[in-house]
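Before any comments, here is the structure.
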Amino acid sequence: MRTILLIDDDQIFNFISSEMILETDPDIRIITYLSSPEALEYLRDLLNRQQPLPDILFLDIRMPEMSGFELLDKLLKEYPMDTIKKMRIYMLTSSLDENDNQRAADNPLIEGYLGKPLDIVELVQILG
C-alpha cells in the first residue's frame, strides 16, 4: 500500500486534499500533519528506526513555525540526500511568488511545484 504524507497548516485543505487523493486511489494511506515541526519529528523517527518513508510528500511552502523549505533543509543536514529522495516531494503553494517557484525548481529533492488546491488532473498524473 502506498503512503502519502500531507503537511499543511490548513486543516480544511488537508481534508479536501485527502478526499481527492482517496477518490483517485482509495487504497492509498494518507498521513496528515498541521505542523512542520511535528511532521519533521515523524520523518526523523521513521529514518532513525530505518522504516520506509512515505512514497509521496505534499509539502506546503508557507507555514507559521517552519516553512516547507526549512523542513527539507533540516532533513538534508541530518540525512543523506539519497535517503530523502526515496520520497517523491511536491511543494504546495497558494502564493504567486516567483522566488518560491524558482527555489523549488533549483532544489534537487523537489519533483514538482503545485498550486493549491490540488488539481485532479495533476493528482491523477502523480499517482498514476
- Near pairs, Cβ below 9 angstrom, 6+ apart or cross-chain, from region 112-128 (surrounded by 14 or more Cβ atoms within 10 Å (Cβ to Cβ)) to any residue that is acidic (Asp, Glu) and in a loop (DSSP other than H, G, I, E, B): Lys116/Asp8; Lys116/Asp10; Leu127/Asp25
- In region 55-68, is there at least one residue being at pLDDT 95 or above, within 14 Å of the chain's Cα centre (by Cα), outside any loop (DSSP other than H, G, I, E, B) and over 24 Å from Met1 (Cα atoms)? yes
- Go through region 1-21 residue by residue and tally those that are assigned to a helix (DSSP H, G or I) and surrounded by fewer than 14 Cβ atoms within 10 Å (Cβ to Cβ). 4
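Consider Tyr90 carefully, then state whether it is more than 20 Å from Gln125 (Cβ to Cβ) and in contact (Cβ under 8 Å) with a residue 24 or more places away in the chain. Break it down into steps so the answer makes sense when it comes.
On the way: more than 20 Å from Gln125 (Cβ to Cβ): no; in contact (Cβ under 8 Å) with a residue 24 or more places away in the chain: yes.
When the stated conditions are applied, Tyr90 does not pass them.
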- Message: Checking the structure you have, find out if any residue of region 33-40 is modelled with pLDDT under 95 and among the small types (Gly, Ala, Ser).
- Response: no
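The values are calculated or read from the model by the stated rules, or taken from the named source; none is laboratory data. None of the values given here were measured: they were computed from a predicted structure. Note that each Cβ is placed from the backbone with ideal geometry, even for glycine, and that neighbours are counted across all protein chains shown.
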